[in-house]
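As C-alpha cells, the structure follows; a few thoughts come after it.
The values are calculated or read from the model by the stated rules, or taken from the named source; none is laboratory data. Because the structure is predicted, anything quoted here is derived from the model rather than measured. Cβ placement follows ideal geometry from the backbone for every residue including glycine, while neighbour counts extend to all protein chains displayed. With ligands, DNA and RNA removed, areas are computed over all heavy atoms of the protein, side chains included. Shrake-Rupley method; radii C 1.70, N 1.55, O 1.52, S 1.80 Å.
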Amino acid sequence: MRTRGGDRRAAILRAAAELFAARGFRSVSIEDLGRAVGTTGPALYRHFPGKEALLAEVLLDISERLLRQGTEHVAAHPDPNDALDALLRGHIAFALAEPALITVHDRELLHVPEEPRRKIRRLQRAYLEQWVDVLAAVRPTTPTPVLRTAVHATFGLLNSTPHSAGELDRDHLAELLFTMARTALLAAGK
C-alpha cells in the first residue's frame, strides 16, 4: 500500500484502532500493525516511536477531530437549537462510522502514557464544555452541573453504538439516536 505521508499515517491510525478494538492493546504486536497496513512492524517506527505512542496518537487524533468539528458546528449555527442538532448529528455520524475508536477509548486509555493521557482528557473536557455551553443557551435556567451530567449521559447513549449497531439500518439507527439524545438533553432539569 503506497500512500503519501499523511495518508499513510491515517491508514496506520485506522488499522491500529481496528486491531486494538478487536484484540486489545496488549494482544496486538507491532508486526500485526505493520501487516495491517502492508509493511513491516519496524517500518512503523518511522511514524511512531512505539506502540504506546501509536495508541496515544489514535486517541489524540479523534479527540482533536471531535473538538474541531464541534467548534465548526457551533460557529456555523448561531441559533443554539440548530447548534445542538448539529453537534448531535456530528457525534452520531462519528459514533456510527468509527465504533472501534469508542471501544479503544473505553478499554485502552489506561495504556496511554500520562502526558498524552492528560492532553486527551483536556480535549475531551473542552468538547464536553462546547455541548454544555450550547445546551445552556437552549436551557438557560438549568444549573450547569445538571447540563454537564446530561451531556455525559448523552455521550454514553451515543457511544453505545459498538454494542447496538447491526440490528437496524444505519439511517434508522441515526434517527433513533438523534431523537433519544435530543429528548434526554432537553429533559435535563425539568
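Calculated mean residue ellipticity, 222 nm, the chain: -24500 deg cm²/dmol, from DSSP H runs (n ≥ 4) at -39500 (n - 2.57) each, averaged per residue and rounded to 500.
Ordering 74, 181, 37 by Cα displacement along the dipole of the chain toward the positive end leaves 37 in first place; charges were set at the Cβ atoms of Lys, Arg (+1) and Asp, Glu (-1). Of interest is the spacing of the C-alpha centroids, which for the stretch 144-182 and the stretch 79-105 amounts to 9 Å. Taking a ≥ b ≥ c as the square roots of the Cα gyration tensor eigenvalues, with a/c under 1.5 meaning rounded and otherwise prolate when a/b beats b/c, else oblate, which class fits the stretch 128-176? Note, shape of the stretch 128-176 comes out prolate. When the GluC sites (Glu not before Pro) in the stretch 4-75 are filtered for DSSP coil states and for at most 14 other beta-carbon atoms within 10 Å of their beta-carbon, no site remains. Rolling a 1.4 Å probe over the heavy atoms of the protein chains gives the chain an accessible area of 53 Å² per residue. Taking Lys and Arg as +1 and Asp and Glu as -1, the other residues whose beta-carbon sits under 13 Å from that of residue 24 total 0.
The dipole here belongs to the chain: it is taken about the Cα centre, uses +1 on the Cβ of Lys and Arg and -1 on the Cβ of Asp and Glu, and is about 540 debye. Computed over the chain, the convex hull of the alpha-carbon atoms projects to a mean area of 11.6 nm².
What net charge do the residues around residue 131 carry, taking every other residue with its C-beta under 15 Å from that of residue 131, with Lys and Arg at +1 and Asp and Glu at -1? Summing Lys/Arg as +1 and Asp/Glu as -1 gives +1. Element breakdown for the stretch 51-187 at a 1.4 angstrom probe: carbon and sulfur atoms account for 56% of the accessible area.
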